[in-house]
Amino acid sequence: MVSDPKTPVTPARIWREPLIHFLVAGVILFGVYQAVVPQDQQTVRIDRNELAWMESMWLSQWRRPPTPDEFEQLVDRRIREEIYAREAQAMGLDRNDVILRRRLAQQLESLIDDEASLAEPTEAQLEIYFSEHISQYQRPASIRFRHLFFNSDLRGKDVAKADAMRALPALAVVDTVKDDPFPGPKDITAAIDALSPVFGRGFQHRLESIAADTSPGQWIGPIESAYGEHLVRIDEYVPGAPADFAGVRESVIADWRRRHIAAVADSRYADMRRKYRVIIDSTPDSPAPQSATR
Amino acid sequence: MRSRHILTGICLAAIATCAVAETRLYFGDLHLHTRYSNDAFAFFGTTRTPDDAYRYARGEPIETNDGRTVRISQPLDFLAVTDHMRYPGALQSIAEPDSPYGDTEVGKLIRSTDRADHFRAFLEVLKPARTGAPPAEGLDDKPRSLHIWRLMVESADKHYEPGKFTTFAAYEWTSEVQRLPDRPYGNMHRNVIFADTRDLPYPLSSLDTTHPEELWKYLEAQRMRGVDVLAIPHNANISDGLMFAPTDSWGAPVDEHYAARRTWNEPLVEVTQQKGTSETHPGLSPTDEFASFELYRNLFGSNIEGQLGGSYIRDAYKRGIEYQSWGFFNPFMFGLVGATDTHAGLSTVSENRLLEDVEPASQRVSRAPSSMVTSAGGLTGVWAEANRRDTLFSALRRRETFATTGPRISVRFFGGWNYTEELFVDSDWVQAAYAGGVPMGGVLEDGSPGVVPKFAVYAAKDPNGANLDRVQIIKGWVVDGASHEQIFDVALSDGRAVGADGSVPSVGNSVDPVTATWGNDIGAATLFTLWEDPYFDPRLPAFYYVRVIEIPTPRWQTYDAVASGTPLPEGVAVSIQERAFTSPIWYQTRRPR
């Protein structure tokens, strides 16, 4: 349409133009739309796996599945948490937060551990581990013996020893001689490393060192304990033996795995550490620790 | 009233005659806490589980919070994990990143980096029982509580190896009561020990009741279902006189019925642990030169000392025989045990390993000044036929136990009418002792005129520890309704003798504070004797218990000071004389009414 040259262009006339009406209506609509409909929407998606995980966490804590209300609350809380987290990050709140830092560190640590724990040792690796740590899988030596006790306090230290030595030859002929009351049992059947709490470490070591070379049934001694001197008749001695691999296989696998996880974690940390230069301030009271200089 | 006599008779007979003939010595701890106890988690940052506690006690290596590996120096024969049952496992569960209670008040407090907030979180646990207020959100989660209890029982069963290592399902009933409205809370705690793990109920906690009599009702109900169980009170020293009060918890005077129930439900009391020793106090035993041992007087969370009377065991034994002399039953006929009460999940008893084994930083930071002076916890010694639940529990029931303050001192104690000097000549003397009398925890009755009971004691040092200074027998008796005590030094080391004035020269002190070492050139490895009471009167009820004292050894602060190169704190002694206390042997007459 063409404006009539004879009609003056006044504000009133402009407002009556349909084009203007359309423009104003457009601006109003646009403004309303901006105000009412949020712009730049991000998506928070709670997928099937997440829902299933939430339900199983609930189940493990509460020992029953959540009710519909409880589950709805759970989901709402999760959504809220996600949104807060994103907003917080946008605001830069994630730097210097201790709990967040710790959680992130824990997460990475458990990722590394999980990855390392997937490793399956080969037979060869297990056998090597077993032979390197064979002392841990030893069946301890065990012993059955009877003893006679000569109390050092009662008789005097040197006298007790002399009395014991004097009694020894008699025992070749008789079953027993007069001895002193002992604060524990006189007939013992035990693993050799269980003798310390009854006789003291010294006696256990002394007996350990001679038991293998002593013929059963003969009286030997005197052997000193925390309480005095003893004559000992070993009736049976079963030396310690390396365990049968098949029997301890499960333990070996578990131990190997534990070692492996720790080794992988250390190695990964070492790799990560190399990328950083660490500076620790020193204070007047304490110089900076060594690790700062690397 | 006949029924009361019958009840009395049954109880006495049951306790006195179920002794056994051949026993071995087993050491263990019946009181410790893991991460499931809210105070352990909140104050000490303890993350260890019952599993870790059992593994450590058996001798397996355990990793500490700060990455070291520690191992007990001498494995135990038995252990009972006794976590508190006020919202068990609440704080450690709420602290987990995925806890649904993360944004509650308690959740925020327990996740704070400020230790004071952790303490506040724990105060929320105490509030409901103290004020009647509803628990803070997140604390009272019944499915979680049940789950934690199940974990505790499963852990006990997993580590139970009859003949090698015994575990008990157990927990702590943590009752605290104010003697008067404006007083701080007095400790009325008991550890509840189940004989076995079949058909266990959910524990009755101090949230359900703080009255011991109601705990006993619960225990009696369990026994009627076939589940045997007993309770062991501890820390009488900070009970503000309530533990051995002359009234029940509602203020009614103690009577025969109360006495019978107490004896049957609580045959033992824990006399020593890391929060002090409750044997006696110089105020109650002014002539006992060993009465000031590891005294811990301040009531929880306050600087106010608890009342003396009713807070100590020797005093309770005396009160007990006073009741007896008036013709009533004795409500305080209990044996003694020792324990650690560790809140770090590790049963550590040696002075020189205390800081090696627990996290040094948390231990130093969290120890309040008053607890800085007490020594490491103790152990229970049990004489039983074998290391199994049924045999150990039986021994606990018949009180054939003694307490040590940590070292594995061994003590045999028997009382009989016919023992002679020849008793110790035969090296099988123990069999003869059982046959001719009663062991510790037993009862002698009705002496004939002119016949005096003889007591046989045989004490042996910890074979890897310090020598012994002396053996004492502590006697209590009643004359004209009033009780008295006397201490007899019945065996002394190094040829010492009791002077005419009753005094004994000190054994000496071989502790070198500069190196924190000591020598066994003083003291004795074994001390034994047969003793007759020179003042015995068959008409008067009496008790006799044995106290064995070691030569001085360094305290944990001395070891710590030497290891860290710092001076010993003000007012802390360099050395300690560790000791053992046996259950008493009682003498009583059946008086006609």
Distance cut-off 35 Å, percentage of C-alpha pairs in chain A lying past it: 65
Accessible area buried between chains B and A, both sides summed, probe 1.4 Å, in Å² to nearest 100: 2500
Using a Gaussian network model on chain A with a 10 Å cutoff between Cα atoms, which of A:65, A:239, A:181 fluctuates the most? A:65
Averaged over its residues, how many other protein chain Cβ atoms are within 10 Å of peptide A:176-183's Cβ atoms? 5
At 0.692 mPa s and 37 °C, plugging the Kirkwood radius over alpha-carbon pairs of region B:457-593 into Stokes-Einstein gives what diffusion coefficient in µm²/s? 191
If you roll a 1.4 Å probe over region B:258-331 with all protein chains in place, what percent of the accessible area is carbon or sulfur? 52
The Kirkwood hydrodynamic radius of region A:221-275, taken as the inverse of the mean 1/r over all distinct Cα pairs, in Å, comes to 16.3
Please state the Cα pair-distance histogram of region B:26-93 with 10 angstrom bins from zero: what percent is in each bin? 22, 49, 27, 2
Per residue of chain B, what 222 nm ellipticity follows from adding -39500 (n - 2.57) for every DSSP H run with n ≥ 4, rounded to the nearest 500? -7500 deg cm²/dmol
Gaussian network model of chain A, springs between alpha carbon atoms under 10 Å - residue of A:59, A:148, A:126 with greatest fluctuation: A:59
Using mean Cβ contacts within 10 Å as the protection proxy, how do B:126-137, B:73-84 order, highest first? B:73-84, B:126-137
For region B:124-170, how big is Rg over Rh, using alpha carbon atoms and the Kirkwood form of Rh? 1.22
May I ask you to list the trypsin sites (Lys or Arg not before Pro) in region A:131-193 that are in a DSSP loop and have at most 13 other Cβ atoms within 10 Å of their Cβ? A:178
Three principal axis extents, largest first, for the C-alpha atoms of region B:39-171, in Å? 47, 30, 27
Mind checking the mean number of beta-carbon atoms from other chains within 10 Å of the Cβ atoms in B:98-105? 3
Comparing A:245, A:150, A:30, which has the greatest mean-square fluctuation in the GNM of chain A with Cα pairs linked when under 10 Å apart? A:30
List the residue ranges in chain A for DSSP H helices whose C-alpha atoms run 24 angstrom or more along the long axis and whose Kyte-Doolittle average is 1.6 or above. A:18-36
Relative contact order for chain A: what percent, with Cα pairs under 8 Å and sequence separation of 6 or more? 18
With unit charges on the beta carbon (Lys/Arg positive, Asp/Glu negative), name the residue among B:331, B:493, B:239 whose Cα is farthest towards the positive pole of the charge dipole of chain B. B:331
Report P(r) for the protein assembly as shown: all Cα-Cα distances, bin width 20 Å, range 0 to the bin holding the largest distance, values in whole percent. 12, 40, 31, 11, 3, 2, 1, 0
Over chain B, volume per residue of the alpha carbon convex hull, in Å³: 153
Please work out the Kirkwood hydrodynamic radius for region B:465-522, using every pair of different C-alpha atoms, and report it in angstroms with one decimal place. 14.0
Ranking A:253, B:25, B:414 by how far each Cα lies towards the positive end of the charge dipole of the protein assembly as shown (+1 on Lys and Arg Cβ, -1 on Asp and Glu Cβ), the top one is A:253
Share of alpha-carbon pairs per 5 Å distance bin for region B:150-231, given as whole %: 3, 14, 22, 21, 17, 10, 7, 4, 2, 1, 0
Cα-based shape type of region B:266-306, given that a ≥ b ≥ c are square roots of the gyration tensor eigenvalues and the cut on a/c is 1.5: oblate
Computed for the protein assembly as shown: size of charge dipole around the Cα centre, +1 on C-beta of each Lys and Arg, -1 on C-beta of each Asp and Glu, debye to nearest 20, value 1060
Suppose every K and R has +1 on its Cβ and every D and E has -1 on its Cβ; what is the size of the dipole of chain A about the Cα centre, in Debye to the nearest 20? 860
Would you calculate the separation in nanometres between label points at residue A:213 and residue B:220, each defined as 7 Å from the Cα along the Cα-to-beta-carbon direction? 6.8
According to the square roots a ≥ b ≥ c of the eigenvalues of the Cα gyration tensor, what is the shape class of region B:117-273, taking rounded for a/c under 1.5, prolate for a/b larger than b/c otherwise, and oblate for the remainder? oblate
Using a/c under 1.5 as the rounded threshold, could you call region A:136-294 rounded, prolate or oblate? The axes a ≥ b ≥ c are square roots of the C-alpha gyration tensor eigenvalues, and prolate needs a/b larger than b/c, oblate otherwise. oblate
Using the Kirkwood radius over C-alpha pairs as Rh, can you work out the diffusion coefficient of region A:50-182 via Stokes-Einstein at 25 °C, viscosity 0.890 mPa s, in µm² per second? 103
Could you compute Rg(Cα) / (2.2 N^0.38 Å) for region B:235-327, with N its residue count? 1.11
Can you pick out the pairs among B:164/B:454; B:127/B:275; B:108/B:158; B:318/B:461 whose Cα atoms lie more than 27 Å from each other? B:164/B:454; B:108/B:158; B:318/B:461
How high is the relative contact order of region A:136-294? Use alpha-carbon pairs under 8 Å, at least six apart in sequence, and give a whole percent. 30
Percent relative contact order of region A:53-201, based on C-alpha pairs within less than 8 angstrom and at least six residues apart? 19
Shielding score for A:73-82, defined as the mean number of other chain Cβ atoms within 10 Å: 1
What residue among B:576, B:44, B:465 has its Cα farthest toward the positive end of the dipole of the protein assembly as shown, where the charges are +1 on Lys, Arg and -1 on Asp, Glu, each on the Cβ? B:44
Debye, to nearest 20: dipole size of region A:13-161, +1 on Lys, Arg Cβ, -1 on Asp, Glu Cβ: 740
Could you tell me the calculated FRET efficiency between residue B:63 and residue B:563, based on Cβ-Cβ distance and R0 = 25 angstrom, to the nearest 0.05? 0.75
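The values are calculated or read from the model by the stated rules, or taken from the named source; none is laboratory data. What you are looking at is a predicted structure, and each value in this text was computed from that prediction instead of being measured. Glycine also receives a Cβ, built like all others from the backbone with ideal geometry; neighbour counts cover every protein chain displayed. Surface areas here come from the heavy atoms of the whole protein model, side chains and all, with no ligands, DNA or RNA. Shrake-Rupley method; radii C 1.70, N 1.55, O 1.52, S 1.80 Å.
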